[in-house]
Structure formats: structure tokens, C-alpha cells
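Student: A single structure is presented below for examination.
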Amino acid sequence: MKKILVLNGPNINMLGVREKTIYGKLDYPALCAYIQKAAAALNVEVEVAQSNVEGELVTLIQQAYGKFDGIVINPAAFTHYSIAVLDALKAVALPTIEVHLSNIHAREEFRHKSVTAAACLGQICGLGFKGYALALKALAEEI
């Protein structure tokens, strides 16, 4: 069975509380349940993790090497400046798809640039929870 690590960056744990007009009313446990259901439908095993700490995400990415077949990552704010996350993704060289709940290209100018996308097969943004399901499907087909 294919194994995919789903990583979420800072403030994703605050879904349902923060900026509901952008991120919706559903909370983080609802997102995790949605991801698990989407993975089960694809016959893919997933592990979902979230951290507000850049170094913890780097460690989780490094630990994925040899354990997972691919990564779905929502680096959140780290998307726009984390060379450390980018380098970790490049180091493990696992097929990776970047996901964003909101359309980062329709928001503030600083959100338009993704540093981490350079290590990814592709990027899905603006489709809410559905973006994770699409990323899992694309990754399952790729690996």
C-alpha cells in the first residue's frame, strides 16, 4: 500500500477559528477526517501531522525518507520564505505536492511567491479541503 505523509504548517490547527471568510468554518479535526476519508477511497495510507515550528516540519520531512512514498504539504506561511523547508524537501527527493486552502495568488502580494514550490511536482490552491483530495489522487497516480 502506498504511504503518503500529509504535513500542515503554522496556524492550520486554528481552522474554524481564524479568518472564516478565507478558510471556512470547518476545524482542523474535520480536515484530518476529510484527508483520511480521501486516502481510504484511494486505498492509500496517510499520516497527517501539523506544526507551528519550522524546524519540526523539517524534521518530519527528513524522517519521511525511506518511510513514505510521497508528501502532500501545506507549508502555510513557511511557503513564502522557508529555505529550510525547501531544502528538506529537496534532500529527501520524495514526490511532493503543495496544497493551500485559499488561492494564494488572489491574496496579498507577499503570498504570491512560493519558495517551497520549487521542490514540488505541482501546487493546488484555492479549493479548500478538496485540494488535499486532489493532491492525494495525483500523488497516488505518480508514485
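Quick note: the coordinates plus some simple rules give every number you see, no bench work behind them. Treat the numbers as computed from the prediction; the structure is a model and nothing was measured. FYI the Cβ positions are ideal-geometry reconstructions off the backbone, even for glycines, and counts take in every protein chain you see.
Student: Loop only per DSSP, at most 14 neighbouring Cβ atoms within 10 Å: give me the GluC sites (Glu not before Pro) in segment 59-143, ordered by residue number.
Tutor: Sparse-neighbourhood loop GluC sites (Glu not before Pro): Glu108.
Student: Now for a separate question. List every residue whose amide H lies under 5 Å from the amide H of Val99, counting only residues 5 or more places away in sequence or on a different chain, with H placed 1.01 Å from N in the peptide plane.
Tutor: For Val99, whose amide H was placed from the backbone, the distant partners under 5 Å are Ile73, Asn74, Ile124.
Student: Within 10 Å, count the other beta carbons around each residue, average over each peptide in 9-20, 66-77, and list them highest first.
Tutor: Averaged packing, sorted descending, gives the order 66-77, 9-20.
Student: What ³J(HN,Hα) values, in whole Hz, does the Karplus curve 6.51 cos²θ - 1.76 cosθ + 1.60 give for segment 10-18 when θ = phi - 60°, with x put for Gly and Pro?
Tutor: With coefficients 6.51, -1.76 and 1.60, one gets x, 6, 5, 5, 9, 3, x, 10, 8 Hz.
Student: Tell me which residues come under 5 Å, amide H to amide H, from Ile4 once H is placed; ignore anything under 5 positions away on its chain.
Tutor: It is Glu45, Val46, Glu47, Asp69, by chain and number.
Student: Still on this structure, I have one more. Convert each backbone phi in segment 25-39 into a coupling constant with the Karplus relation 6.51 cos²θ - 1.76 cosθ + 1.60 (shift: θ = phi - 60°), then list the ³J(HN,Hα) values in order as whole Hz, x for Gly and Pro.
Tutor: 9, 6, 9, 5, x, 5, 5, 4, 5, 4, 5, 4, 5, 5, 5
Student: Filter Lys20/Lys137; Lys3/Lys90; Lys25/Lys90; Lys25/Lys67; Lys25/Lys113; Lys90/Lys137 down to the pairs with a C-alpha to C-alpha distance above 29 Å, please.
Tutor: Going by Cα-Cα distance, Lys25/Lys90; Lys25/Lys67 fall outside the 29 Å limit.
Student: So for the chain, taking the charge dipole from beta-carbon charges (+1 Lys/Arg, -1 Asp/Glu), which of Gly55, Pro75, Thr21 sits furthest toward the positive end?
Tutor: Among Gly55, Pro75, Thr21, the one farthest towards the positive end of the dipole of the chain is Thr21.
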